[in-house]
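Below you'll find the structure, written out as structure tokens, and then a few comments.
FYI, it's all coordinate maths here, none of it is from the lab. Just so it is clear, the structure is predicted and the values come from calculations on it, not from any experiment. We place every Cβ from the backbone using ideal geometry, glycine too, and count neighbours over all the protein chains shown.
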């Protein structure tokens, strides 16, 4: 609230109230139209609409007693909204238990520097407002902080954040994931305040050791809400520098507290480039140190860590140049000696004799190769001829054997011809299209068919005589 008769425009749901947009509500005065009317108004109350009644309530609570109020209580029914708003109630225990519905809009919730959850004892600063659509009072919170204040409260808050970030796996950074800054960076990013001596210390060290561009991401390094700027500054340097120094000079535990905030720790852990933490002095430790790739005691030490010493590099370069020069001189001397020996070996007369020997050896090799090839070809031809004769002889033998086997099979087949015995005077007897094999199968008067070697005959049985052994 801005004061008597003036109030922030409230919105609910996903919308966020816009600061600086007052909703002026005129107070109800004794001579206003609400009090005017016929003479009976003195005895009977005026008939109001629900909106008029709601407006009267809002006017009634728009007093200094309900504006800029600091309330201490326990958070219950915490309901974070996807838009960033926070809804919960402030309660207190005792015989006269009281509960107050509260709302904290997104722009104010961003400044909360501790995890909000049920059961946390807090101090809330804000104003009392009436929300007509639901017909309820609520406490609009502008600032929220733990009820435990001072260094003890901050220390407990740091331990709570440490447990939370450890459970998430954000800290401590594993040794295998720690990255070393590049040996020869092209640009160094610095996250600190432009007005402090830290930036000047870093600039002096880098200028003296290894001059290169420095990209500053200015941010507040202490105070409420500084963690938001620090995290944003770290993210703004991504892809623009080869290494980032997060630096702050020495200070009290309270001064360095913003570097314990989870937003800062997560921003360091998510950085795509190595991050050097140089917050406070050697004895100071923040949660940002656990997430950084390397922790150094002072900003000057951080500058010495990210850049090499130009004087040392020049000395090393001179040593390397001297070593290369000596190595090349020795190599040249050795090659000259080798070249002299080769020149002696290839003296023209010796070379001519060597070439004649090689020609003779080549001619001998050619003759030997030709003789060996002719002998090999002759042997292969003889072998082919022998194999041909062997194959032809084997084929003739196989054919003769096959012919004999074929004749034998033919004789067997002809011998098994059922009509062949008929030429010797035998006959085949059928009765009712069935071959008669025994005298028991025929009777007197049966009509039988006889198959002879040159025709068939039909006969009638007049008498059947059986052998004695039958």
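Observations on the structure shown:
- Evaluated on the range 324-470, the Kirkwood hydrodynamic radius is 26.9 Å, with distances taken between all distinct Cα atoms.
- Hypothetical label at residue 194: residues of the range 209-243 whose amide nitrogen lies under 12 Å (7 Å Cα-Cβ projection): 216-220
- Here the range 104-218 yields Rg over Rh of 1.15, to two decimals, using C-alpha coordinates and the Kirkwood radius.
- With the convex hull drawn around the C-alpha atoms of the range 68-125, the volume per residue stands at 82 Å³.
- For the range 346-416, the spread of Cα coordinates along the three principal axes comes to 100, 15, 5 Å, biggest extent given first.
- Fewest neighbouring Cβ atoms within 10 Å first, the residues 295, 468, 310 line up as 468, 310, 295.
- In the range 175-308, the C-alpha radius of gyration followed by the widest Cα-Cα span (Dmax) gives 13.1, 37 angstrom.
- The length gained on full extension between residue 463 and residue 358, counted as 0.36 nm times the residue separation minus their Cα-Cα distance, comes to 26.1 nm.
- Dimensions in Å of the range 421-460 - Rg and Dmax from alpha carbons: 10.2, 28
- The range 246-308 - Rg and Dmax from Cα coordinates, angstrom: 11.0, 34
- Percent antiparallel among DSSP beta bridges (both partners in the chain, rounded to 5): 70
- When shorter helices are ignored and each DSSP H run of at least 4 residues is given -39500 (n - 2.57), the per-residue value for the chain at 222 nm works out to -13500 deg cm²/dmol.
- Extension gain from residue 313 to residue 54, taking 0.36 nm per residue of separation minus the Cα-Cα distance: 85.5 nm
- The peptide list 259-266, 248-255, put in order of mean Cβ contacts within 10 Å with the highest first, becomes 259-266, 248-255.
- Percent of Cα pairs exceeding the 31 Å cut-off, where the set is the chain: 73
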